[in-house]
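The structure appears right after this line, and notes come after that.
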């Protein structure tokens, strides 16, 4: 019998699968398994559950288990090429999906066969394992088994290095190419199975025996990083003082938070303890991993249960004013809030990011850390309201192509050039990364919101919200008894297509994104003069420009010479007023993994009819461009 370990918190058993002989996996089966696999910088994933994409089965076909072994072997070879250390060390964790232990079992065994030391955490929130790798300095990389917000039967991996960040850019492309080459070589595929079968059982038993200590160390490192992110300092004494001061203010307000965890990996993380150390009352709902009661992506209707729970908690204990819902791996979380006049409401993802940016930039002023070169980095569909927030608070906005690795990479480039990049993220889905964190994290989001609500004005020192009101030229918006609704009312007003909206996704037949974009630009050249008078009358638009986004680069300009590669990056048409300031925009990006074009329209002000009109126009143009590109 293979060694087993049972987690006392969940009764889940690891490794979760007995070794399989894999005497023979037909080449056609492996090819079909690989054909359905998405390989991108955002993650490697496919439907691994034998029952399909919505299945809660833990059964995985032999060909798919062999692919998991191949991923581990490819990553091991990749790491060997980066280091001359005699023994490498890799952390392995997984989200709460049912197929995770089966896939991780094969990966751990392959790593052990390759002579790599493995720290296995089982189910763990993605920010937690990444924080441990980042803070400990003992790991050469990590494998995180997860399909993030995708349906339950999907699974996959995020592969990262010793800095706690996911492999991106050219290194990601190299890994993908290595894996594809290996999968095409029968001898290499046979070695994947041999590595699995030959893993020493004593080494596997030692890995499982060490799991509780590994989990303890990871949680401790994560809590320490969360404290550093919250307090804007690595000085332990200053951390303690700032955290204690904030906690005292939180307790004074009696503030409460609902965590509707939807059976995610966050159920085994530090959420309750860490939020409690900040003085918060915490109510956890669906906190047991795999207690999944609604779709995993934390957008739209997925926040309804949390909204109802917050409304109920507030009616019993009025201090409850925030709630959050993470995705399955716990690196992304969106928020509901309490409006005393209307009850609990769902924040749009773009609003979540805007509030966090406001809080963190104002926090630099509050703590005396604002400098001359302050930047915010976000993805290209992030709302233009961020530019207005940043300008008022002395910062500049830089954008990168969709993809967390692109945003993180752009921020690293800017820091090397002397910029302070306190906050970054994919604002279009609400995910913020607060330095020195390197991954989206709902605890960072909640920390930003707590500071915004509780670091209030004292004699001679304005709090975060009053700082915002002063610097944005609206001092009348401040009142001492403000709440989330008051802060939202003081944000720059833009109307933006939600990324969760069905209107934001267009099914397309063409896979030639470059041709579609070229046809769109040609069509735009005829549409602009025909619509110019209407755009001027309705939105105050006088001119326009175009920006292409590829990887970490922003490329202002029109035409294929401003694009390269597969041309799956984003294109934004900015509609400018008489001052050359954006009054509206149209954005689109072809998916690199699905036959869809994602689109978005945005207009300054509270103008839902205007947003709908712009989006309909964009939809029509994309459809016409697709037809002429075929």
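Would you mind telling me which numbered condition in (1) assigned by TED's automatic domain parsing to the domain that holds residue 564; (2) at pLDDT 95 or above residue 469 fails?
Failing condition for residue 469: (1).
Just the residues that are out of contact with any strand residue (DSSP E or B) (no Cβ under 7 Å at 6 or more places or on another chain), at pLDDT 95 or above and closer than 15 Å to residue 590 by Cβ, please, taken from the range 521-552.
Across the range 521-552, the qualifying residue is only 521.
Would you call residue 130 within 20 Å of the chain's Cα centre (by Cα), assigned to a helix (DSSP H, G or I) and in the same structural domain as residue 68 (by TED's automatic domain parsing)? Give the steps one after another, and end with the answer.
Details: within 20 Å of the chain's Cα centre (by Cα): yes; assigned to a helix (DSSP H, G or I): yes; in the same structural domain as residue 68 (by TED's automatic domain parsing): yes.
Yes; evaluated as a whole, the condition is true for this residue.
State whether one or more residues within the range 209-218 are in contact with a helix residue (DSSP H, G or I) (Cβ under 7 Å, 6 or more places away or on another chain), more than 30 Å from residue 501 (Cβ to Cβ) and in contact (Cβ under 8 Å) with a residue 24 or more places away in the chain.
yes
Does residue 486 count as in contact with a helix residue (DSSP H, G or I) (Cβ under 8 Å, 6 or more places away or on another chain), surrounded by fewer than 16 Cβ atoms within 10 Å (Cβ to Cβ) and modelled with pLDDT of 95 or more?
yes
So residue 54 fits all but one of (1) part of a loop (DSSP other than H, G, I, E, B); (2) free of Cβ contacts under 8 Å to residues at least 40 places away in the same chain; what number is the exception?
Among (1) part of a loop (DSSP other than H, G, I, E, B); (2) free of Cβ contacts under 8 Å to residues at least 40 places away in the same chain, residue 54 violates only (2).
Please go through the range 284-328 and pick out each residue that is out of contact with any strand residue (DSSP E or B) (no Cβ under 7 Å at 6 or more places or on another chain) and in contact (Cβ under 8 Å) with a residue 60 or more places away in the chain.
Once the filter is applied, which keeps residues that are out of contact with any strand residue (DSSP E or B) (no Cβ under 7 Å at 6 or more places or on another chain) and in contact (Cβ under 8 Å) with a residue 60 or more places away in the chain, the range 284-328 yields 288, 290, 292, 295, 296, 297, 300, 318, 327, 328.
Could you tell me which of the residues 97, 109 is surrounded by 24 or more Cβ atoms within 10 Å (Cβ to Cβ) and under 16 Å from residue 202 (Cβ atoms)?
That would be 109, the only listed residue that is surrounded by 24 or more Cβ atoms within 10 Å (Cβ to Cβ) and under 16 Å from residue 202 (Cβ atoms).
Among (1) crowded, with 21+ Cβ neighbours inside 10 Å; (2) assigned to a helix (DSSP H, G or I); (3) outside the structural domain of residue 74 (by TED's automatic domain parsing), there is one condition residue 259 misses while meeting the rest; what is its number?
(2)
List the helices (runs of 4 or more DSSP H) inside the range 362-481, counting only whole elements, that have at least 1 residues being out of contact with any strand residue (DSSP E or B) (no Cβ under 7 Å at 6 or more places or on another chain) and surrounded by fewer than 19 Cβ atoms within 10 Å (Cβ to Cβ). Full working, then the answer.
Details: elements: 385-392, 404-416, 442-454, 464-471.
Result: 385-392, 404-416, 464-471.
Consider residue 297 carefully, then state whether it is within 30 Å of residue 56 (Cα to Cα) and part of a strand (DSSP E or B).
So residue 297 does not fit the description; no.
Take the range 91-124 and flag every residue that is free of Cβ contacts under 8 Å to residues at least 40 places away in the same chain and either in a strand (DSSP E or B) or under 22 Å from the mean Cα position of the chain (by Cα) (or both).
Listed by number, the list holds a single entry, 117.
Just wondering, is there one or more residues in the range 487-509 that are in a loop (DSSP other than H, G, I, E, B), over 21 Å from residue 384 (Cβ atoms) and either within 26 Å of the chain's Cα centre (by Cα) or in the same structural domain as residue 278 (by TED's automatic domain parsing) (or both)?
Yes, the range 487-509 contains at least one residue that is in a loop (DSSP other than H, G, I, E, B), over 21 Å from residue 384 (Cβ atoms) and either within 26 Å of the chain's Cα centre (by Cα) or in the same structural domain as residue 278 (by TED's automatic domain parsing) (or both).
Need the failing condition index for residue 334 against (1) part of a helix (DSSP H, G or I); (2) within 23 Å of the chain's Cα centre (by Cα); (3) surrounded by 19 or more Cβ atoms within 10 Å (Cβ to Cβ), just the number.
Result: residue 334 fails condition (1) only.
Among the candidates 194, 163, 273, which residue alone is at negative phi and not assigned by TED's automatic domain parsing to the domain that holds residue 137?
Answer to the selection: 273.
Say we look at the range 233-246 and pick out the residues that are touching a helix residue (DSSP H, G or I) at 6+ places or on another chain (Cβ under 8 Å) and over 26 Å from residue 124 (Cβ atoms); which of these is surrounded by the fewest Cβ atoms within 10 Å (Cβ to Cβ)?
Only one residue fits best here, namely 238.
The values are calculated or read from the model by the stated rules, or taken from the named source; none is laboratory data. Not measured: the values here are computed from a predicted model. Quick reminder, even Gly has a Cβ in these numbers, built from the backbone with ideal geometry, and neighbours come from all protein chains shown.
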